[in-house]
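Derivation of every value follows stated rules applied to the coordinates shown; laboratory data play no part. Fair warning: this is a prediction, and the values are worked out from it, not measured in the lab. Glycine also receives a Cβ, built like all others from the backbone with ideal geometry; neighbour counts cover every protein chain displayed.
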Amino acid sequence: MRGDTAQQAEMLVPMTPDSFVPADHPIREIKAIVDGVLHGLSPVFAGMYAAAGRPSVPPEHLLKALLLKSLYSVRSERQLCERLHYDLLFKWFLDLNISSPAFDPTSFTKNRERLLDHDVAGQFFAAVLAEARRRQLLSSDHFTVDGTLLEAWASMKSVRPRSDDDAPRGGGKNPSVDFRNSRRSNLTHASTTDPDARLARKADGQTTRLCYAGHALMENRSGIITDILITQATGTAERAAAVEMLDRRGGTRRITLGADKGYDTHDFVADLRARDVTPHVAQHTTRRRSRIDSRVTRHPGYAQSQRKRKRVEEFFGWVKTVGGGRKLAFIGVVKNQLWAYMAAAAFNLVRIANIARAGA
C-alpha cells in the first residue's frame, strides 16, 4: 500500500533534541567532557561581562558552536548559525530546545575581541588538556614537534610592492593582475588585505602562496596535541616556534623531542640541549653533515621516536580536511591563533573520546 505524503500536521511533540541523538553517538562522550570543562571555566566567563545590562549570547554557546564548526567542517559562522536553525544535533550540543532560535552570526564578530582579550580559547584548550592529563593519557617524557603551511585568506592579487601606496587601478573588486616577469619577495612586497601573511612555498617547484605557519607540539603516548602556535611563515619559523613551545611547557624533567630533518641544524640542537631536551631529530645528511651523532642514534628510544613522530601528521591532515585549515578564514596572527586553539581542542576531544570508547 502506498504511504501518505502529507505527514506534517502534528503541532505539539513531547520530545527534546536529546531524543533524536543516538545513545551510542560518539559526540555524547565529547559533550560530557566539554560540559565539565566549561563548568570549570565559569569564573572566567563571569569576569568577562558586566553585572547589569542586556544579556548576551552565553560564551558557552559560542565556544560549543566553534567546536561544532571544526568537528563538522562547517565553512563559515554564517553557515553554522543557519544550520543551528534546523539541525537537532547542533541544538542538543548547545543545550537548546527544539523551538529555540539560533543566534545571529554577528554574535561571533561582536564577541571575538572579548574572547581574545581574556584568552578564552587558550584557557579552553588548556582545560581540555588538563582533562586528558587527569585521565592519564599524556606522556611526560616523549614529545614530537612539527610545522606546516596554512594558506591565508588573502588573495595573491592583494600582493603589491611595499613602496606602492596607490590604490589598484581598474577591474572593480577583482582586477586583472599580470605577475609575469616580475620578482616578488617578502622584503619588497606585502598583501594589502592581510599584512601578516607571507609569501611561502613548501619546496622548490611548488606554487608560492600567501601563508601562515602552523606549529604543533604532540605527546607521543596518545597523539594528543599539547601546544599549538600560529606564526608568520618565515624560513626559521618552525625551529623558533618549537623552542617557544618548549619554554611555554615549562618543567625541569629531561624529555625527548622528535622532529623531521628540517630541524637538524646546529642552533636548534644546541637550544634543545641547553634546555635538557634530548634531540631525537631525523638526520639530514644530503650534501651536509648531520648535527645528530651516535650519542643519540645508538639508543632504541631514538628509533621509537622516529616512528612516533609521524603521528603528528594525522593532526595536520585532520585540521586541513576536517577542521577548516585548508584555507584560513581570518586575517591576522591573533585571530587565526584563536581558531587554532579551538581546532586543536576539537581534535583532542575526538582523541579522548575515541580512547574512552576503545577502553569501554
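Got the relative contact order for the range 247-360 handy, in percent, Cα pairs under 8 Å and 6 or more residues apart?
Details: 87 pairs, mean separation 20.7, N = 114.
Relative contact order comes out at 18 percent.
Take the cross-link list Lys202/Lys335; Lys157/Lys335; Lys69/Lys335; Lys31/Lys110 and give me the ones stretching past 19 Å between alpha-carbons.
Violating the 19 Å Cα-Cα cut-off are Lys202/Lys335; Lys157/Lys335; Lys31/Lys110.
Answer with a single label: of [x] 21.7; [y] 20.7; [z] 23.0, which was calculated as Kirkwood radius over Cα pairs in Å from the structure in view?
Label of the calculated value: [z].
Just to confirm the number: angle between the C-alpha axis of helix 106-117 and the first principal axis of the chain, 0 to 90 degrees, nearest 10?
Value to nearest ten degrees: 50.
Have a look at the DSSP beta bridges in the chain and tell me what percent are antiparallel, nearest 5.
70
Through the Karplus equation 6.51 cos²θ - 1.76 cosθ + 1.60, θ set to phi - 60°, convert the phi angles of the range 255-268 into ³J(HN,Hα) values in whole Hz; use x for Gly and Pro.
10, 10, 10, x, 6, 7, 5, x, 8, 7, 10, 4, 5, 5
Where does helix 120-134 land angle-wise versus the long Cα axis of the chain, in degrees 0 to 90, nearest 10?
That helix lies at roughly 80 degrees to the long axis.
Please list, in chain and number order, the residues 5+ apart from Asp227 or on another chain whose amide H is under 5 Å from its amide H, with Hs placed from the backbone.
Residues meeting the criterion, in which the H sits 1.01 Å from N, are Leu217.
What shape does the range 51-159 have by the C-alpha gyration tensor, where a ≥ b ≥ c are the square roots of the eigenvalues, rounded means a/c under 1.5, and otherwise prolate means a/b greater than b/c and oblate the rest?
Numbers: a/c = 1.68, a/b = 1.24, b/c = 1.35.
It comes out oblate by the Cα gyration axes.
I want to check the label-to-label distance for Ser100 and Gln79. Put each point 7 Å from Cα in the C-beta direction and report it in nm to one decimal.
Roughly 2.4 nm, to one decimal.
Along the charge dipole of the range 289-360, which of His299, Gly317, Ala356 sits closest to the positive end, that is, farthest toward it, with unit charges on the beta carbon of Lys, Arg, Asp and Glu (+1, +1, -1, -1)?
His299
Per-residue counts of other Cβ atoms within 10 Å, averaged by peptide: what ranking do you get for 199-210, 85-96, 344-355, 132-143, highest first?
Taking the mean over residues of other Cβ atoms within 10 Å, the ranking is 344-355, 85-96, 132-143, 199-210.
Considering Cα pairs under 8 angstrom that are at least six residues apart, work out the relative contact order of the range 1-139 and quote it in whole percent. Show your work: numbers first, answer last.
Values: 69 pairs, mean separation 44.6, N = 139.
Relative contact order comes out at 32 percent.
In nm, what is the difference between 0.36 nm times the number of residues separating Met48 and Arg295 and their Cα-Cα distance?
83.8 nm
Arranged from highest to lowest average of other beta-carbon atoms within 10 Å per residue, in what order do the peptides 119-125, 18-24, 274-280 appear?
119-125, 274-280, 18-24
From the backbone phi of the range 327-344, what are the Karplus-calculated ³J(HN,Hα) couplings (6.51 cos²θ - 1.76 cosθ + 1.60, θ = phi - 60°) in whole Hz, Gly and Pro given as x?
The phi angles translate into 9, 4, 9, 10, 10, x, 5, 5, 5, 6, 5, 4, 4, 5, 4, 5, 5, 5 Hz.
Can you give me the angle between helix 59-71 and the longest principal axis of the chain, using Cα atoms only, in degrees from 0 to 90, rounded to the nearest 10?
Once rounded, one gets 70 degrees.
Place a +1 charge on the Cβ of each Lys and Arg in the chain and a -1 charge on the Cβ of each Asp and Glu, then give the dipole magnitude about the Cα centre in debye, rounded to the nearest 20.
Working: 54 positive and 39 negative charges, 284 e Å.
Dipole size: approximately 1360 debye.
Determine the shape class of the range 210-260: with a ≥ b ≥ c the square roots of the Cα gyration tensor eigenvalues, call it rounded for a/c under 1.5, and otherwise prolate if a/b is greater than b/c, oblate otherwise.
Working: a/c = 2.16, a/b = 1.69, b/c = 1.28.
Judged from the Cα gyration tensor, the range 210-260 comes out prolate (a/c at least 1.5, a/b above b/c).
Residue separation times 0.36 nm, minus the C-alpha to C-alpha distance between Ala303 and Arg114: what's the value?
63.5 nm
Given contacts defined as C-alpha pairs under 8 Å and at least six residues apart, what's the relative contact order of the chain, whole-number percent?
21
Fully extended, how many nm does the chain gain between Arg133 and Met156 (0.36 nm per residue separation, minus their Cα-Cα distance)?
Numbers: separation 23, 0.36 × 23 = 8.28 nm, distance 4.25 nm.
That works out to 4.0 nm of additional length.
Calculate one ³J(HN,Hα) per residue across the range 271-287 by plugging θ = phi - 60° into the Karplus curve 6.51 cos²θ - 1.76 cosθ + 1.60, and present them in order as whole Hz with x for glycine and proline.
With coefficients 6.51, -1.76 and 1.60, one gets 5, 5, 5, 5, 9, 6, 10, 6, x, 8, 9, 4, 6, 9, 10, 7, 6 Hz.
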